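S.K.: Attaching a single structure in structure tokens format; questions to follow.
Every read-out reported here was derived from the displayed coordinates using simple, explicitly stated rules and does not represent laboratory data. Here the structure is a predicted model, which is why all the values come from computation and not from measurement. Positions of Cβ are backbone-derived with ideal geometry, glycine not excepted, and every protein chain shown enters the neighbour counts.
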Amino acid sequence: MPDHFFVYPAYLGRGLSRRDGRRLPANLAIVDVTSEEIVQAAKRLGYRAEVEEAKQYPRQFFTYAGRVKVTKKAGVTKARFLKAVATELARQRTAAGKK
């Protein structure tokens with residue numbers, strides 16, 4: 001079993017349906033999320049993450065939004081990680097908006 005998993009920005013995208021690749025409930029989804037934002041949020045949560053810029057999400061093969069390679073932690077599923085990252089991104093964007 002690999003020691004990492006991949007996260008595409010489409011997994012967190014509010015403008016997408018589940019059919020188009022969103023993996024979170026609509027109330028947790030983020031508007032216009034980028035690979036760089038995902039990496040920063042993952043690092044704030046204590047994960048090792050890096051951007052692979054020349055990659056594309058298969059369901060959106062016409063867009064090169066990149067993907068994020070995240071090193072797994074014991075006992076944390078990909079779904080739990082995505083929810084944690086979405087929460088962290090929302091918190092960070094709210095804090096930035098208040099400044």
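S.K.: Projected onto the charge dipole of the chain (+1 at Lys/Arg Cβ, -1 at Asp/Glu Cβ, origin at the Cα centre), which of S35, T63, G75 gives the Cα projection farthest towards the positive end?
M.R.: In the chain, that residue is G75.
S.K.: Note down the relative contact order for the chain as a percent, whole number, built from C-alpha pairs under 8 angstrom at least six residues apart.
M.R.: The normalised contact order for the chain reaches 31 percent.
S.K.: Here is a further query. Given +1 on the Cβ of Lys and Arg, -1 on the Cβ of Asp and Glu, and no further charges, what dipole in debye does the range 4-98 carry about its Cα centre, rounded to the nearest 20?
M.R.: The dipole magnitude comes to about 440 debye.
S.K.: Across the chain, how many lysine pairs separated by 8 or more positions, or lying on different chains, have Cα atoms within less than 27 Å?
M.R.: Value for the chain: 19.
S.K.: Choose one answer from T34, T63, T87: the residue with the largest mean-square fluctuation in a GNM of the chain with alpha-carbon springs under 10 Å.
M.R.: With Cα springs under 10 Å in the chain, the top fluctuation among T34, T63, T87 is at T63.
S.K.: While we're looking at this one, here's another question. State, as an integer percentage, the relative contact order of the range 1-42 based on alpha-carbon contacts under 8 Å between residues 6 or more apart. Mind dumping the intermediate values first?
M.R.: Values: 35 pairs, mean separation 15.2, N = 42.
Relative contact order of the range 1-42: 36 percent.
S.K.: Quick one: among L24, L89, L45, which has the greatest mean-square fluctuation in a GNM of the chain with alpha-carbon springs under 10 angstrom?
M.R.: Largest GNM mean-square fluctuation: L45.
S.K.: Return the Cα extents of the chain along principal axes one, two and three, sorted largest first, each rounded to a whole Å.
M.R.: Projected onto its principal axes, the Cα set of the chain covers 38, 31, 23 Å.
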